[in-house]
Amino acid sequence: MRKFPPDFDDGDTDLRDAQNAISREDLLRTRDRQKIHQTRSRGRWFHLLWLLAGPGVLVMMGENDGPSMVSYATTGAAYGVGFFVPFILLTFVMAFVVQEMAVRLGVATGRGHAELIFQRFGPFWGYFAMADLVVGNVLTLVTEFIAIQAGGLYFGLPSWLSVALGFGLVTAALGLRRYATWERALMVLAAGNLLFIPAALLAHPNGAALVHALATWCPLPGGSRLIFVTLILANIGATVTPWMIFFQQSAVVDKGLARVDLPQGRMDTAIGAVLAAIVGVATLVAAAPLFAAHVNVAEFASGADFATALRPLVGSTGATLFALGIIEAGLLAAMTISTSSSYALAETISARHSLNLDFSQGRIFYGAAILSTVFAACIVLIPGAPLLAITLTVNVIATLLMAPALLFLLLLVNDREIMGNLANGWKANLAGGSIVIAISLVGAFYGVITVFPNLLAR
């Protein structure tokens with residue numbers, strides 16, 4: 001696209017400025033594509049994967065967020081090593097199925113998820129999908145700052161300072177104004193999610209018990225069936241949520257992935273799913289000593305109580321790693337979720353949406369991320385808020401909101417007019433449809449037993 005010189009005057013300054021701004025965005029993306037093309041032509045496949053990786057790893061590790069880690073820890077503390085170990089792995093298989101469709105949709109259309117819904121289904125369903133996303137994103141963003149605050153409390157930091165530092169880091173990431181740089185910075189941060197693995201090793205897990213759980217899904221949880229179903233929902237909501245679809249599809253477009261990059265996009269998503277699944281199981285295992293010690297996590301006020309309660313059981317090093325992991329989980333998710341909201345909002349109102357934009361060119365895009373982050377940070381500082389209950393509840397709500405988001409996704413990936421030969425086949429529809437049905441049934445069952453709690457009374 002032609003870029004006008006500074007002294008050119010054609011009588012339409014706004015048009016010229018817009019074209020100049022778009023040229024900068026396109027230039028950055030073109031440079032990235034040129035590097036990818038050169039790497040592919042030289043047959044350097046590992047380097048090619050490294051260049052194309054990012055959206056899949058970030059969406060999976062970003063979903064290992066504050067409430068997810070608390071859900072896994074609560075599950076380990078409530079039931080120990082057993083049924084939920086293979087169940088967590090199953091949820092990440094579900095996540096891969098869903099996110100692979102989002103990748104295909106992005107490379108086939110070159111459009112973000114919110115933009116496609118408005119184009120294909122009209123304003124009513126577009127605003128419905130946006131409402132579904134916004135409710136989930138705002139609630140989840142609040143819980144990310146709960147996680148940041150909780151980790152800070154373990155290290156003796158006052159709540160306001162932890163929250164302020166978290167807000168500063170989220171905003172600083174937006175200040176990079178370059179998608180590729182933002183993505184690599186977040187991938188470095190995502191490596192902090194792996195801190196839960198040494199924390200789990202310091203809990204001295206029983207290897208035979210882990211293998212038995214993976215092979216048999218046993219022992220089955222006992223006790224309250226309501227708590228069991230709640231944790232089922234919370235663990236699904238810790239893995240499959242609407243923001244992931246919106247974020248990854250828009251990130252694929254912002255990164256500039258094309259159809260030829262689809263194999264690497266799938267591998268990127270698979271690597272992210274495997275890493276996130278390992279970390280999820282490690283978090284459960286790290287908290288399992290609380291189950292053996294009969295610690296009642298229902299009395300915990302926040303995620304910080306997990307690290308404090310684990311200190312005499314796994315040592316100060318293990319507890320410190322756990323607390324640092326909680327902070328990292330909240331930070332990474334706050335950055336990705338706020339960006340997901342920005343992509344969707346800007347696509348909805350046809351505003352420019354890219355992390356390659358300057359602040360003057362992307363006021364709405366960046367402003368939405370900053371304002372949602374400010375709102376979430378302020379909510380967390382309300383005195384006496386039941387933070388742990390909010391954290392677990394948000395994952396349950398995320399699961400209940402997932403069914404309509406998945407339905408839109410399935411309809412779009414079956415639209416051959418926009419997908420061409422990348423449209424879903426019968427196997428993908430069977431897998432995706434099964435996930436929609438399973439999530440809907442579990443959500444409906446949870447609603448029934450919530451209204452009629454004596455239904456499952458023992």
Worksheet item: Looking at this structure, is Ala251 crowded, with 24+ Cβ neighbours inside 10 Å, within 16 Å of Gln99 (Cα to Cα), aliphatic (A, V, I, L, M) and modelled with pLDDT of 90 or more?
Response: yes
Item to complete: Scan region 303-310 and give yes if some residue there is outside any helix (DSSP H, G or I) and buried (at least 24 other Cβ atoms within 10 Å of the Cβ), otherwise no.
Response: yes
Discussion item. Exactly one condition in (1) closer than 30 Å to Pro123 by Cβ; (2) part of a helix (DSSP H, G or I) is false for His353; which is it?
Written reply: (2)
Discussion item. For region 90-133, which positions are under 22 Å from Ala368 (Cα atoms), among the hydrophobic types (A, V, I, L, M, F, W, C) and surrounded by fewer than 18 Cβ atoms within 10 Å (Cβ to Cβ)?
Written reply: Phe124, Trp125, Phe128, Ala131
Response to the item:
Checked against (1) crowded, with 24+ Cβ neighbours inside 10 Å; (2) under 24 Å from the mean Cα position of the chain (by Cα), Leu290 satisfies every condition except (2)
Worksheet item: What are the pairs, 6+ residues apart or on separate chains, where a residue within region 314-325 that is in the same structural domain as Ala150 (by TED's automatic domain parsing) and farther than 11 Å from Gly151 by Cβ has its Cβ under 6 Å from a residue that is small (Gly, Ala, Ser) and not in a helix (DSSP H, G or I)?
Response: Val314/Ala203
Practice prompt. Being under 15 Å from Ile418 (Cβ atoms) and touching a residue at least 12 places away in the same chain (Cβ under 8 Å) is the filter here, so list the residues in region 115-134 that pass it.
Written response: Glu115, Leu116, Ile117, Phe118, Arg120, Phe121
Discussion item. I'm told His212 meets every condition in (1) under 25 Å from Ala398 (Cα atoms); (2) assigned to a helix (DSSP H, G or I) except one. Can you identify the failing condition by its number?
Written reply: (1)
Fill in: Within region 331-351, considering residues that are among the β-branched types (Val, Ile, Thr) and farther than 14 Å from Val374 by Cα, the one farthest from the chain's Cα centre (by Cα)
Ile349
Item to complete: Scan region 161-173 and give yes if some residue there is closer than 22 Å to Arg352 by Cα and under 17 Å from the mean Cα position of the chain (by Cα), otherwise no.
Response: yes
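The values are calculated or read from the model by the stated rules, or taken from the named source; none is laboratory data. Not measured: the values here are computed from a predicted model. As a convention, Cβ positions derive from the backbone with ideal geometry for all residues, glycine included, and neighbour counts pool all protein chains shown.
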